[in-house]
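One structure is given here, and the rest of the page talks about it.
The values are calculated or read from the model by the stated rules, or taken from the named source; none is laboratory data. Everything numeric in this text was worked out from a predicted model, so none of it was measured. With ideal geometry, Cβ positions are generated from the backbone for all residues, glycine too; neighbour counts draw on all protein chains shown. The accessibility values were calculated without ligands, DNA or RNA, using every heavy atom of the protein model including side chains. Shrake-Rupley method; radii C 1.70, N 1.55, O 1.52, S 1.80 Å.
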Amino acid sequence: MWIALRAHHGAIKDRRFETLVDAARAADFTVQAGDMVLDYAKTNIDETARKLLIDLLDQAGVAAKRDAMFSGAPINETEGRAVLHTALRNLDGGPVMVDGANVMEGVLATLDRMGSFARDVRSGAFTGQGGQITDVVNIGIGGSDLGPAMAVRALAPYHDGPRCHFVSNVDPADIAQVLRGCDPATTLVIVASKTFTTIETMTNAQTAKAWMGETVENPAAQFAALSTSDEKTMAFGIDPSRVFGFEDWVGGRYSMWGPIGLSLMMAIGPDAFRAFLRGAQAMDTHFRAADWSENMPALLALVGIWHNQVCGHATRAVLPYDNNLARLPAYLQQLEMESNGKGVSMDGADLTVQSGPVVWGEPGTNGQHAFYQLIHQGTRVIPCEFLVAARGHEDDLHHQHQLLVANCLAQSEALMKGRDLDTARAKVADKFAGDELERQARHRVFPGNRPSTTLAYPQLDPFTLGQIIALYEHRVFVEGVVLGINSYDQWGVELGKELATALQPVVEGTQSADGKDGSTAALVGFLRNNGV
Ligand code: F6P
């Protein structure tokens, strides 16, 4: 199938796809899920390419693997685990069995406990030692940070709880700056760590405990924990009533739907949090039921595969024209690159196609004044993925929102159409002549023929955010199955962690740098000479 896809790409790659984009194509190459639409008409994918891509899904057995995932089979084969983040939002679905036991009872009970605690914190029934909780500090990293941090920002218009802060980096600058703005007597610290061993999180948690202990008598009483390890949270001194557990079948980067979402629940309240879960659940239902040709996550995955593995475009830009989604690119970097950045397939053989793409981006219109120059005129093609809401939340500034939307649509149009030399010449013909006109005109040519997709939705409310995030999760799943990799492990983060542990005494000067490579030893030398 890859051979047929490459052959087809070879045959069509030089055509201008804008010539295809009439109203019929716009309808045919737009897919709807709930109240969202994904337009992939502004790509070079035609009916033949789409059919070949859909054949890839069948060849890879995506439907069977999808059903296996939802039913609790251990599809994370290298760790022997089920992959069941979908159970966390299965609010009114049926039982989900893992090793013969229905996990839904535990999931719903934990969600209820989180709800009670969040209500108590928000109402003041639970207080700090100096009164009502004013600030919540979530300490976590990777999946225990990026999801809730992204979502709290995304749903800022719905925020009616305590202020929420996120500390992730082991760099002391991170925690110091956050704590400086908080009162220890009215701050709740949430230690979010699936394993409760991650060095950054545990170091920051100890720092926060010491900071709080300088002011309040019982700092641990203002701590909550989100983890799979009761033993370790207990050893840290956190009362089990404020420990919210989950199982190892929830991957870190897929975990915001359960306890790891507690900070989001504190911010927007348990009811809005449930709406967020319902949005994700709606996308799950769509993903399980829709034919591939109308299945939004599957088609988004196939667009990604077409651009990366078939056309050879190594990166994709995520460009939300929705400032509240400012952290979405960072969130997707982990979701996509930690999931599909693998060089071997499930059976241990080398991948015969490229792994997942480099994902990056910034909100529009900011990016337009920064890196869009390269997107429009650089020598590499960067497929762009736009997101845009019909309405913002600033009713009195709707006109300004319309300007935002116009900018979003203008960018995808400009990428597709470009500007040819004749048009560029005409633009500057009144200012230059002869060779200078030619030179100046060439700088104003836009090659065009650059692909993009646009995900459009009515408004970024909790339900819609749930839909969007579940859409990307399932996209990652589909891409992973087609590539034949395990999207749910992350062995590639281990080596750096091991070496950091070994290097710490060298950096501290209690162990010599002998045996280290020359470059590392020299850098240690420089940093030690400068006070590390
Ligand atoms: O090191 C990578 C990683 O394991 C991520 O997959 C995970 O989201 C992050 O670290 C944090 O892990 P934990 O929640 O166990 O602290």
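Odds and ends about this structure:
- The listed residue being open to solvent by 20 Å² or more (accessible area, probe 1.4 Å) and either within 17 Å of residue 242 (Cα to Cα) or among the aliphatic types (A, V, I, L, M) (or both), out of 82, 87, 73, 118: 73
- For region 475-512, filtered to residues that are open to solvent by less than 70 Å² (accessible area, probe 1.4 Å) and farther than 30 Å from residue 347 by Cβ, the residue that is nearest to the ligand (Cβ to nearest atom) is 500.
- As for region 268-283, it holds no residue that is buried (at least 18 other Cβ atoms within 10 Å of the Cβ), within 16 Å of the ligand (Cβ to nearest atom) and either more than 20 Å from residue 116 (Cα to Cα) or outside the structural domain of residue 176 (by TED's automatic domain parsing) (or both).
- Of all residues in region 131-143, those satisfying the criterion of being outside any helix (DSSP H, G or I) and either more than 23 Å from residue 253 (Cβ to Cβ) or within 16 Å of the ligand (Cβ to nearest atom) (or both) are 131, 132, 133, 134, 135, 137, 138, 139, 140, 141.
- Number of residues in region 144-198 that are open to solvent by 10 Å² or more (accessible area, probe 1.4 Å) and in a strand (DSSP E or B): the value is 4.
- Scope region 322-350; condition assigned to a helix (DSSP H, G or I), out of contact with any Leu (no Cβ under 7 Å at 6 or more places or on another chain) and either away from the ligand (no atom under 16 Å from the Cβ) or over 19 Å from residue 308 (Cβ atoms) (or both); matching residues: 323, 328, 329
- Checking each residue in region 209-220 for being buried (at least 16 other Cβ atoms within 10 Å of the Cβ) and either within 15 Å of the ligand (Cβ to nearest atom) or β-branched (Val, Ile, Thr) (or both) picks out only 216.
- Condition check for residue 420: without any contact (Cβ under 8 Å) to a residue 24 or more places away in the chain and either open to solvent by 80 Å² or more (accessible area, probe 1.4 Å) or basic (Lys, Arg) (or both): no
- Cβ pairs under 8 Å, 6+ apart, first in region 501-521 and assigned to a helix (DSSP H, G or I), second hydroxyl-bearing (Ser, Thr, Tyr) and surrounded by 10 or more Cβ atoms within 10 Å (Cβ to Cβ): 503/520; 506/512
- Selected residue (criterion: least open to solvent (accessible area, probe 1.4 Å)) from residues of region 41-55 that are part of a loop (DSSP other than H, G, I, E, B) and over 17 Å from residue 309 (Cα atoms): 41
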